[in-house]
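Asks: My questions will all concern the structure given below.
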Amino acid sequence: MVKTVIGDDMDITNSLDKNIKYIKDTFKGADDIIFREFKSGNKNCFMVYTDNIVSSDTIENAVLTNIMIRSTQNYNINSMNEDAVSVGETKKVYTFEEVFDAVLLGDTAIFTDSDNSALVISTKNWPSRGVPKAENEAVFQGPNDAFTEQGSTNTVLVRRRIRDTALKVKRMHCGKRSKTDVAVLYLKDVAKDELVQKVITQLENIDIDAVFDCGYVQQLIEKNIVSPFPQLQMTERPDKAASAVLEGRVVILVDNSPFAIMVPAGLNMFFQASEDYYERWEIMSLLRILRFIAAFISYSLPGLYIALTVFEPNMIPAQLALKIAEGRANVPFPTLVEVLIMELAFELLREACIRLPSSAGSALGIVGGIIIGQAAVEAGIVGPAVVIIAATAGICSFAIPNTGIVASFRLIKYFVIAASAFFGMFGFFMAQLLILSHLSMLESYGMPYLFPFCSAEAGGYSDLKDSLIRVPLIFMKKRPAFAKQETDGGKREEK
Amino acid sequence: MSIKDEKLSARQIQALIFSIFSGVMVTVMPFRFINVCGDNIALTLILGGITAAVFYGVLSRLFIYVKDENDLFFKILCILAAVHMCMFAGMCTYIFSVITSLFMLPEINKEMVAFILVLCAYIASSGGIKKKGRMSEITAVLMILGLIFVAVFMIKGENFERTYFKGLKTMESFRNVLMVSFYFDMSSFLFVMLGHYGKNDKKCFKTVGTAVFLTFIVLAAALLAAANIFGSTDAARRFFAAVEVLNDIDFPGSVVQRQEILIMGFIITSFFMLISTFIILSSEAVSKAVFGGKKFWSIFTAATVFIISILPNNTIQAFGIMNGIDYFGALFSVLAVLYVLTVMIRRKRT
């Protein structure tokens with residue numbers, strides 16, 4: 001458990017005045033904290049909560065009305081909890097730390113005279129924007145709801161899809177000051193115990209002031225921080241998260257973040273889209289293969305172009321080589337600079353389009369495309385072939401259904417470009433091998449990153465059914481190798 | 001003999017052997033092979049393949065018997081294995097740099113190419129043998145697919161009318177078969193690598209034997225293609241006939257003019273795997289023998305490989321040194337087998 005910073009471990013005293021003074025001193029200057037003193041019969045009581053994140057209706061109708069109007073009893077904390085408060089979730093606490101945590105989370109704390117405890121009543125009512133539509137991982141066929149910033153809603157969205165008592169939700173806080181709610185979801189009889197424990201331990205060990213988004217958590221619990229490849233998968237789709245839970249993976253939901261983290265994650269998983277399972281297997285298998293090809297093109301094509309045109313022009317058919325040379329006749333820069341100019345322009349355009357409002361973003365895309373594509377060629381800054389190369393690589397990167405892995409390919413593209421620029425096809429091949437070598441070194445929570453393409457040690461060759469191609473659903477009867485195997489009949493054999 | 005608890009599955013070991021030695025089969029072996037067996041290619045190939053598979057299968061079954069030993073003779077064998085692997089890797093690096101200079105980078109000197117290969121292999125070796133095993137699962141598949149692609153068009157485009165059973169002499173063929181088996185030169189590699197064998201020991205004969213035979217098929221394809229296109233006499237004069245062969249094959253609708261670059265991808269992959277794996281295993285062997293299993297910086301092994309790779313003055317000299325390394329390998333095999341037999345007798349007595 002993360003230690004509190006605002007309060008300390010001081011216990012609640014019997015004296016209500018002392019308790020009130022301590023609370024008011026602690027919250028001094030925080031005008032959104034509401035203090036309310038009232039009587040229950042002849043007994044003095046004190047209530048504290050945070051404005052705007054509580055349900056006023058609950059406080060007034062289920063708490064205050066019952067204590068102040070409908071009863072003339074002198075309630076203490078126990079009797080108040082048993083007789084007066086008509087709210088489902090209540091908790092008796094003994095330290096100020098627990099009180100402060102609860103109040104800042106949207107709960108209400110009630111103190112009474114001569115009681116060394118407080119009653120925390122669940123009154124959370126945070127502002128939310130409802131369940132939004134999935135935008136980054138949109139599909140033609142299938143549900144379109146997405147996670148929201150409210151952690152509790154996100155949990156509901158997953159639980160709605162898995163009505164199984166084995167679905168466990170472990171709640172915890174991350175961030176010393178933000179105390180952000182984090183929920184760990186898994187299926188008890190499917191997810192491996194060591195995986196669940198590892199994730200929980202990693203989350204408990206997070207030492208940071210605040211967690212504002214699951215991106216923080218992702219970076220803090222990844223093993224290899226130097227690698228450009230994400231070792232955890234993020235999704236905005238509840239159906240994808242639910243599917244991950246069913247596969248034996250662990251899903252982490254972070255409050256204030258409309259994304260879920262799925263653990264473990266391998267390269268293959270970044271190429272899987274929800275839609276793959278909603279439509280027929282033949283076409284989705286074709287699309288899977290296309291995505292892998294697109295990924296390769298997205299980071300390799302500019303480097304390959306440099307290697308071929310600069311070092312091995314005689315590999316290109318003569319007519320094509322002449323066309324390229326003709327296009328470059330007025331270009332004053334070497335091919336490497338030409339490619340870098342185009343790549344940089346494309347990156348800038350992409351970044352600008354994201355930052356601008358959607359209507360202006362699309363306009364900028366068109367204007368930028370025309371300027372960069374046509375004007376740059378006419379001005380003799382770049383050759384037409386380079387425009388085609390950069391555009392093709394860019395388009396291919398959009399075909400990959402996960403933005404995390406696309407960012408990795410964008411980065412390694414420059415490594416391939418550099419290697420090809422220095423050593424031609426030799427550099428190109430060496431760069432590919434180093435990337436492959438790096439990928440084979442990576443692991444995500446014990447699972448090889450290249451699983452199931454290299455899964456001889458895990459006996460996971462049957463998981464190839466859901467990799468480059470997606471076989472018909474009736475043939476996908478076994479859970480992945482990283483899940484508990486007792487639940488699907490029989491252990492796998494190492495090959 | 002493993003200093004880390006890194007176990008490889010049988011499939012990974014097969015993939016690793018295939019990935020590592022396929023490049024040697026395409027580059028180094030055809031020239032040496034044709035010069036040994038002349039016209040009598042097909043029979044030597046078939047018998048050589050079977051002999052090599054059985055020989056290394058038996059050898060691995062013996063080596064796995066002593067994977068947990070720790071006595072003085074074992075340590076000496078470890079040192080010899082490390083020396084042999086470094087020399088073999090160094091010569092392969094030289095041959096690779098020659099091929100790269102010939103077909104890809106004529107303007108960059110061989111030493112630079114060798115340096116880059118060894119540097120990249122050293123970087124890739126940092127993950128250990130387990131990661132190399134994983135990588136080989138992918139490289140082996142890619143290499144096999146590439147070979148099938150080439151083989152399909154090669155068979156389609158060429159007519160294999162020439163006979164390769166000319167001048168058949170029993171004794172000569174027998175000698176050739178034995179020589180070819182020794183050309184594989186993987187005894188030291190097996191001696192160290194089998195320490196990582198994570199499967200049932202009894203199955204290692206099948207594992208290694210199958211992998212060696214598969215690798216031999218690559219040699220068969222390369223040799224038959226080279227001898228068919230150039231003829232055995234002309235092919236015997238060319239150092240890298242199997243690489244040059246690719247230019248004579250017509251790929252339908254091909255957009256690539258110089259097709260030998262395609263096979264360079266295959267060769268680079270294989271040599272990259274070979275150098276990085278040998279750096280890992282040599283370092284392990286030295287660590288086990290000299291440092292009691294503690295970490296030995298593989299950068300020294302990598303440096304040794306690079307230094308050896310710049311020693312030859314020309315390709316003929318390099319092939320001559322490779323012959324010497326083969327004899328060293330054969331001597332190592334004999335010593336290792338004698339050692340295993342001694343250990344077996346000692347264990348039976350106790």
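Asks: Please go through the stretch A:272-319 and pick out each residue that is over 27 Å from the mean Cα position of the chain (by Cα), over 17 Å from A:Phe415 (Cα atoms) and away from chain B (no Cβ under 14 Å).
Replies: Once the filter is applied, which keeps residues that are over 27 Å from the mean Cα position of the chain (by Cα), over 17 Å from A:Phe415 (Cα atoms) and away from chain B (no Cβ under 14 Å), the stretch A:272-319 yields A:Arg280, A:Trp281, A:Glu282, A:Ile283, A:Leu286.
Asks: For residues that are assigned to a loop (DSSP other than H, G, I, E, B) and without any contact (Cβ under 8 Å) to a residue 40 or more places away in the chain, scanning just the stretch B:101-116, find the one that is surrounded by the most Cβ atoms within 10 Å (Cβ to Cβ). Show your work before the answer.
Replies: Filtering the stretch B:101-116 for residues assigned to a loop (DSSP other than H, G, I, E, B) gives B:104-109.
The next check asks that each one be without any contact (Cβ under 8 Å) to a residue 40 or more places away in the chain; those that pass are B:105-109.
Values: B:Leu105: 21, B:Pro106: 10, B:Glu107: 7, B:Ile108: 18, B:Asn109: 12.
That would be B:Leu105.
Asks: Please indicate, with yes or no, whether at least one residue in the stretch A:40-57 is in a helix (DSSP H, G or I), modelled with pLDDT of 85 or more and farther than 23 Å from A:Asn116 by Cβ.
Replies: yes
Asks: Next question. Quick check: anything in the stretch A:148-165 assigned to a strand (DSSP E or B) and either of a type in the set (D, E, K, R) or surrounded by fewer than 16 Cβ atoms within 10 Å (Cβ to Cβ) (or both)?
Replies: No, that holds for no residue.
Asks: Follow-up. Would you confirm whether any residue within the stretch A:360-374 is assigned to a helix (DSSP H, G or I) and buried (at least 19 other Cβ atoms within 10 Å of the Cβ)? Please lay out each step first, then the result.
Replies: Taking the stretch A:360-374 first, the residues assigned to a helix (DSSP H, G or I) are A:360-374.
From what is left, the residues that are buried (at least 19 other Cβ atoms within 10 Å of the Cβ) are A:372.
Yes, that holds for at least one residue.
Asks: If you take the residues in the stretch A:426-451 that are part of a loop (DSSP other than H, G, I, E, B), at pLDDT 90 or above and within 13 Å of chain B (Cβ to nearest Cβ), which one is nearest to the chain's Cα centre (by Cα)? Can you show your working first?
Replies: First, the residues of the stretch A:426-451 that are part of a loop (DSSP other than H, G, I, E, B): A:442, A:445-446, A:449-451.
When the remaining residues are screened for being at pLDDT 90 or above, the result is A:442, A:445, A:449-450.
If we keep only those that are within 13 Å of chain B (Cβ to nearest Cβ) too, we end up with A:442, A:449-450.
Working: A:Leu442: 20, A:Tyr449: 18, A:Leu450: 21 Å.
It comes out as A:Tyr449.
Asks: Here's a follow-up. Scan the stretch B:294-305 and give yes if some residue there is in a helix (DSSP H, G or I) and modelled with pLDDT under 90, otherwise no.
Replies: The answer is yes; a qualifying residue exists.
Asks: Separate question: Whether any residue in the stretch A:398-405 is part of a helix (DSSP H, G or I), more than 8 Å from every other protein chain (Cβ to nearest Cβ), of a type in the set (Phe, Trp, Tyr) and more than 23 Å from the chain's Cα centre (by Cα) is what I want to check.
Replies: The answer is no, given that none of the residues of the stretch A:398-405 is part of a helix (DSSP H, G or I), more than 8 Å from every other protein chain (Cβ to nearest Cβ), of a type in the set (Phe, Trp, Tyr) and more than 23 Å from the chain's Cα centre (by Cα).
Asks: Same structure again: Against the definition (in contact (Cβ under 8 Å) with a residue 12 or more places away in the chain, at negative phi and among the hydrophobic types (A, V, I, L, M, F, W, C)), how does A:Ile252 come out, yes or no?
Replies: The answer is yes for A:Ile252.
Asks: Can you pull out the residues in the stretch A:305-320 that are surrounded by 21 or more Cβ atoms within 10 Å (Cβ to Cβ) and either hydrophobic (A, V, I, L, M, F, W, C) or in contact with a Leu (Cβ under 9 Å, 6 or more places away or on another chain) (or both)?
Replies: Residues satisfying the conditions are A:Ile306, A:Ala307, A:Leu308, A:Phe311.
Asks: Select from the stretch B:1-29 the residues that are under 19 Å from B:Ile280 (Cα atoms), modelled with pLDDT under 85 and not acidic (Asp, Glu) and list them in ascending order.
Replies: B:Met1, B:Ser2, B:Ile3, B:Lys4, B:Lys7
Asks: Okay, next question. Run A:Leu267 past the list (1) within 14 Å of chain B (Cβ to nearest Cβ); (2) buried (at least 16 other Cβ atoms within 10 Å of the Cβ); (3) more than 30 Å from A:Ile200 (Cβ to Cβ) and report the number of the one that doesn't hold.
Replies: All conditions are met except number (3).
Asks: Does any residue in the stretch B:125-140 that is more than 8 Å from chain A (Cβ to nearest Cβ) come within less than 7 Å, Cβ to Cβ, of a residue that is basic (Lys, Arg) six or more places away or on a different chain, and which pairs are these?
Replies: Correct list of pairs: B:Gly128/B:Lys4.
Asks: Continuing with this model, one more query. Scan the stretch A:341-359 and tell me whether some residue there is surrounded by 15 or more Cβ atoms within 10 Å (Cβ to Cβ), part of a helix (DSSP H, G or I), of a type in the set (Val, Ile, Thr) and more than 14 Å from every other protein chain (Cβ to nearest Cβ).
Replies: Yes: the stretch A:341-359 contains one or more residues that are surrounded by 15 or more Cβ atoms within 10 Å (Cβ to Cβ), part of a helix (DSSP H, G or I), of a type in the set (Val, Ile, Thr) and more than 14 Å from every other protein chain (Cβ to nearest Cβ).
Asks: Now for a different question. Quick one: is A:Asp115 modelled with pLDDT under 90, assigned by TED's automatic domain parsing to the domain that holds A:Asn42 and either within 23 Å of the chain's Cα centre (by Cα) or assigned to a loop (DSSP other than H, G, I, E, B) (or both)?
Replies: yes
Asks: Can you tell me which of (1) within 13 Å of chain B (Cβ to nearest Cβ); (2) in contact with a Pro (Cβ under 9 Å, 6 or more places away or on another chain); (3) surrounded by 22 or more Cβ atoms within 10 Å (Cβ to Cβ) is the one A:Leu464 doesn't meet?
Replies: (3)
Asks: Within the stretch A:87-104, track down each residue that is surrounded by 14 or more Cβ atoms within 10 Å (Cβ to Cβ) and not in a strand (DSSP E or B).
Replies: Result: A:Val87, A:Phe96, A:Glu97, A:Glu98, A:Val99, A:Phe100, A:Asp101, A:Ala102, A:Val103, A:Leu104.
Asks: For the stretch B:102-120, name all the residues that are within 19 Å of B:Ser283 (Cα to Cα) and facing chain A (nearest Cβ under 9 Å). Before the answer, list the steps.
Replies: Within the stretch B:102-120, the first condition is being within 19 Å of B:Ser283 (Cα to Cα), and the residues that meet it are B:115, B:117-120.
Selection gives B:Leu117, B:Cys120.
Asks: A further question follows. Inside the stretch A:172-208, can you point out the residues that are without any contact (Cβ under 8 Å) to a residue 60 or more places away in the chain and among the polar types (S, T, N, Q)?
Replies: Scanning the stretch A:172-208 gives A:Ser178, A:Gln197, A:Thr201, A:Gln202, A:Asn205.
The values are calculated or read from the model by the stated rules, or taken from the named source; none is laboratory data. Note that the coordinates shown come from a computational prediction; the quantities given were computed from them, not determined experimentally. Quick reminder, even Gly has a Cβ in these numbers, built from the backbone with ideal geometry, and neighbours come from all protein chains shown.
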